[in-house]
Amino acid sequence: MNKQLMRKLTIVAAVALATTFNPAFAQVKWDLPSGYPPGNFHTENLQQFANDVDKATNGKLKITIHSNGSLFKANEIKRAVQGGQAQTGEIFLSNFGNEDPIFALDAVPFIANGYADAKKLWQLSKPATETRLNKQGLKVLYSVAWQPGGIYSVKPLNSAADLKGSKWRAYNAVSGRIAELVGAQPVTIQAAELSQALATGAVETFATSSATGYDSKAWEQVKYFYEINMSLPKNLVIVNQQAFLALDKPTQDAVVKAAAAAEERGWTSSEDKNKWYLEQLAKNGMKVEKPSVKFQTDLKKIGDTMLNEWLKQAGADGKAIIDAYRK
Ligand code: PCA
């Protein structure tokens, strides 16, 4: 081989190496599993987040959303991100209340009454939540609340006693505890399987947001929605810390910036869309009603019991959050 050709080949090889292995050139791909359908407001927000990151990094970080539990089921996503099977993911925080009571706080009934309260509770519980997740190798990107939870039922409900014996869809420890306290039969089902569970009659009653009732076409089996304003539990978008730290600094900054925008946008859209979701339930033939005073009072008592239980489990950190929140 002559010297000139040799030099040319060396240059070609060097350029190839630089573009393949130099992190400044490499494109990074992240998978982002979520448990909710593509048209859900959380999922739309996730997609916008991914688009923003793509744009801000000139295509260097590509995030692919896998919605509706298609890559991992809702309650498996956290472990998948911890284990690095997915770099990032969206979790329903209170699904992990059995790992740590702090994760269950936003689902405990009647602590937060509306969006302003729920935001305040998040600001106050964020440091404790982040510390725990950091210890598990996770970083919080952003968090958005679901619409205030109400109770769906095949039959009309006038008091908590009417829930007794009904097949109650539970999806985490908190909703399971509600079932116990009202004497319902808990059946564990994630949102992606709710439509099917309703169709087969496996579920007659459940508590969730207007959005999930809409996503599940609840009206096909369920006639009643009671606006209980039970809680505004949150989804959290988390990332594996190692995957995050493997990004170059400008890309990390772009992710953090897009996440902050997504958090703001998500809370606004959650609140704005609540009315629309409720209208869709009514339009499709459901009775969307305020609960009777008796029903509301019964549930409030259950909420008090659950908050006391939570405070016992959550110890000093939990008490500090609630004290600050009540101030
Ligand atoms: N929808 C999800 C989580 C909370 C909510 O409002 C669900 O029902 O599974």
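Values computed for the structure shown
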read-out	value
Any hit, the stretch 163-177, residues being open to solvent by less than 60 Å² (accessible area, probe 1.4 Å), of a type in the set (A, V, I, L, M), touching a strand residue (DSSP E or B) at 6+ places or on another chain (Cβ under 9 Å) and farther than 22 Å from residue 235 by Cα	yes
When residues of the stretch 31-66 are limited to those that are farther than 14 Å from residue 254 by Cα and among the charged types (D, E, K, R), the one farthest from the ligand (Cβ to nearest atom)	31
Matching option when the condition is open to solvent by less than 20 Å² (accessible area, probe 1.4 Å) and within 14 Å of the chain's Cα centre (by Cα), among 44, 76, 90	90
Qualifying positions in the stretch 168-187 - in a strand (DSSP E or B), within 16 Å of the ligand (Cβ to nearest atom) and in contact with a Lys or Arg (Cβ under 9 Å, 6 or more places away or on another chain)	170, 186, 187
Count of residues meeting criterion [of a type in the set (A, V, I, L, M, F, W, C), within 30 Å of residue 199 (Cα to Cα) and out of contact with any strand residue (DSSP E or B) (no Cβ under 7 Å at 6 or more places or on another chain)] in the stretch 221-280	1
Qualifying strands (runs of 3 or more DSSP E) (wholly inside the stretch 188-240; at least 2 residues being farther than 16 Å from residue 285 by Cα and within 13 Å of the ligand (Cβ to nearest atom))	205-208, 234-240
Filter pass, residue 309 being part of a helix (DSSP H, G or I) and in contact (Cβ under 8 Å) with a residue 60 or more places away in the chain	yes
Complete set of residues in the stretch 250-298 that are of a type in the set (S, T, N, Q) and in a loop (DSSP other than H, G, I, E, B)	284, 292
Some residue of the stretch 96-114 being over 30 Å from residue 305 (Cβ atoms) and either open to solvent by 20 Å² or more (accessible area, probe 1.4 Å) or in contact with a strand residue (DSSP E or B) (Cβ under 7 Å, 6 or more places away or on another chain) (or both)	no
Only one of 237, 288, 222, 293 that is under 26 Å from residue 79 (Cα atoms) and either surrounded by 14 or more Cβ atoms within 10 Å (Cβ to Cβ) or not small (Gly, Ala, Ser) (or both)	237
Residue among 204, 130 that alone is open to solvent by 30 Å² or more (accessible area, probe 1.4 Å) and under 30 Å from residue 50 (Cβ atoms)	130
Boolean, residue 92 is in contact with a Gly (Cβ under 8 Å, 6 or more places away or on another chain) and without any contact (Cβ under 8 Å) to a residue 40 or more places away in the chain	no
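The values are calculated or read from the model by the stated rules, or taken from the named source; none is laboratory data. All values reported here derive from a predicted model rather than from experimental measurement. Methodologically, a virtual Cβ is constructed for each residue, glycine included, from the backbone with ideal geometry; neighbour enumeration extends over all protein chains shown. For accessibility, only protein heavy atoms count, side chains too; no ligands or nucleic acids. Shrake-Rupley method; radii C 1.70, N 1.55, O 1.52, S 1.80 Å.
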